[in-house]
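Data first, discussion second: the structure below is written as structure tokens.
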Amino acid sequence: MVNASSRSHPLNSMTGFASGTGQGMGFTWAWDIRSVNARGLDIRLRVPDWITGLEPGLRRAIGAGVARGNISVSLRIQREEGDATLSLNEEILARTLQAIARIEARADAAGLKLAPSRATDILAVRGITEASAPEADPEALCALLLKDFTPVLESFLASRRREGAALAQVLAGQLDTIERLTVAAAAEAEARRERTAETLRDNLRKILDNTAEVEPERLAQELALIAVKSDVTEEIDRLHAHVGAARGLLAQEAPSGRKLDFLMQEFNREANTLCSKAQSAGLTAIGLDLKAVIDQMREQVQNVE
């Protein structure tokens, strides 16, 4: 049985493959196990139903090592050719001998001389010999198959770990890019602040020059509203926080795919808000770059267990 907590790398992919062959108790067999992405754990087995206890045993073994993924397992099993014994079908043999006797009698009556019949000729008649194999103990065979499946499952889990290690590197690089763009967005927002303040002062002078009377409270409200609509401080702070949270999820031992998937939605929400508040070509460009990287990362996250 595979221990679910025994992982050499904290991140596993939901994609994996392994195969193996074995023999014993007069049988030969071949295993095939592979997995693709899924929202939860879906185990699909194609194994002989006459082997008592095999299917539940396989489900327990897989469930102990896998948290998510669409897992397909197939087992092709057949008896070894040399294990069968040869037996005679007495009824067909009797009918065949009777037929030979009648043929020889008629040939003799007609004055024809036939060659003597040989045992090998008679054995060649279809149906006289039958191949039979001893009955197998399904429970003993099940135990043998489950034991043989263990290294195949270990190989399968190792392939998911290797995929996960590669995924972790890709995701870490994408998080670095998101962090770099977030820092650039903060710098651009700060540079934009002075430009925005100057624009507001110009607009205010125009309003005062063309308006005889302006209510101070109304003017303050309008200016405050403009400032709030253009302030991206919270979005930048949340992006930084999301980067830290994502790095924590990549480092933890437990499966983190679901949480990362949710976090990608939060990343995307902040990038969208940043773009909508940009009010400058520079900040808009950074926001669009953020969205592109976040979309790429979200595609990769779909493979994480």
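Annotations for the structure displayed:
- Residues satisfying the stated conditions in the range 44-63, i.e. touching a Leu at 6+ places or on another chain (Cβ under 8 Å), without any contact (Cβ under 8 Å) to a residue 60 or more places away in the chain and under 14 Å from LEU153 (Cα atoms): LEU45, ARG59, GLY63
- Meets criteria (among the aliphatic types (A, V, I, L, M), in a helix (DSSP H, G or I), surrounded by 17 or more Cβ atoms within 10 Å (Cβ to Cβ) and at pLDDT below 95) for LEU274: yes
- Counted residues, the range 26-45 - those being closer than 30 Å to VAL301 by Cβ, of a type outside the set (A, V, I, L, M, F, W, C) and assigned to a strand (DSSP E or B): 5
- The one condition from (1) at pLDDT below 95; (2) in the same structural domain as SER74 (by TED's automatic domain parsing); (3) of a type in the set (D, E, K, R) that LYS147 does not meet is (1).
- Residue within the range 79-97 that is at pLDDT 85 or above and in a strand (DSSP E or B) present: yes
- Scanning the range 261-271 for residues that are out of contact with any Asp or Glu (no Cβ under 8 Å at 6 or more places or on another chain) and either surrounded by fewer than 19 Cβ atoms within 10 Å (Cβ to Cβ) or farther than 13 Å from ILE178 by Cβ (or both) returns ASP261, PHE262, GLN265, GLU266, ARG269.
- Hey, ALA61 of a type in the set (A, V, I, L, M), surrounded by 14 or more Cβ atoms within 10 Å (Cβ to Cβ), closer than 30 Å to PHE17 by Cα and touching a Pro at 6+ places or on another chain (Cβ under 6 Å) or not: no
The values are calculated or read from the model by the stated rules, or taken from the named source; none is laboratory data. No experiment lies behind these values; they were computed from the predicted model shown. Cβ coordinates were reconstructed from backbone atoms using ideal geometry, including for glycine residues, and neighbour counts include every protein chain displayed.
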